[in-house]
């Protein structure tokens, strides 16, 4: 049996509905490696439905090892979309490894599993974390709170913390490792649970990056004026190879689809570059993008709150500034 490191961090692999490994798993491993030794937990259904992630568990172990995993634990899950089954798998891994922390994605699935696990075993739960670190007493988590107005450090004082990590906030990636594989023996609980009869993935066809996790995002607000005017946001995004976002005001006005909404009631993003066009910068919008590494704002209102957090700001008409910017980008490509 594998002997696990004392600083082991248990990481639940983030998956799609059909069992594919999400790109965010690399970030989870990176975060875990900052504070300990990453040990990955994989429901067996991933190996059966892996698709473009290879067709058997040996290939998946190698893939996760290349991302920095030290050990991969594979457990039998009757339904990889049922959070109850995933908690059973995670529970078996936790009993075997005795980790110093349990880390999941802050995705819908990750939040669900983390909350159920924490409630079942009375563990401290730290959600929507933007960073992890260590101090002299153990593992600490960093949060961006109150719409990004405050940076908060939190810790759990009893037992290993359960942490959900916001996507796009940890840049660190560990060196590849020669991961070992071990099977988990599960003890099925008799707890009441939902029954999932079917799950279907609906994928929008787009050549642009997915908004959640994109390295570059161009967002438009009410200042774009109309659905026709919002096309300028898309043009700049295409010139930069960026995802398209929007403020709630732009979505409510019908300029673009609700899935593009960035903010407190939309998608949280943390890209390397965030460009805000015609966005005033209400606190609800800032909550969803303030952790971006570089923020560029273009707005004709010099007093717009977005300029308070922007690294670079242009006071001007977006319909004058942005076309000139697109021309300059196109010229550099030639």
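Counting only residues that are within 16 Å of the chain's Cα centre (by Cα), under 19 Å from residue 26 (Cβ atoms) and outside the structural domain of residue 274 (by TED's automatic domain parsing), give me the strands (runs of 3 or more DSSP E) lying completely in segment 135-189 with at least 3 of them. Explain how you work it out, then say what you get.
Values: elements: 138-145, 150-154, 162-165, 180-183.
By residue number, 162-165.
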request  = Kindly indicate which of 319, 312 is more than 23 Å from residue 165 (Cα to Cα) and free of Cβ contacts under 8 Å to residues at least 24 places away in the same chain.
outcome  = 312
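Let's see how each residue does on (1) under 27 Å from residue 107 (Cα atoms); (2) outside any helix (DSSP H, G or I); (3) touching a residue at least 40 places away in the same chain (Cβ under 8 Å); (4) in the same structural domain as residue 229 (by TED's automatic domain parsing):
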site	(1), (2), (3), (4)
270	yes, yes, yes, yes
275	yes, yes, yes, yes
281	yes, yes, no, yes
284	yes, no, yes, yes
289	yes, yes, yes, yes
298	no, yes, no, yes
324	no, no, no, yes
ask   = Is it the case that segment 21-31 has a residue that's buried (at least 24 other Cβ atoms within 10 Å of the Cβ), under 18 Å from residue 87 (Cα atoms) and modelled with pLDDT under 90?
value = no
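The values are calculated or read from the model by the stated rules, or taken from the named source; none is laboratory data. Only a predicted model underlies this, so the values are computations on that prediction, with no experimental measurement involved. Neighbour counts are summed over all protein chains in view; Cβ atoms, including those assigned to glycine, are modelled from backbone coordinates with ideal geometry.
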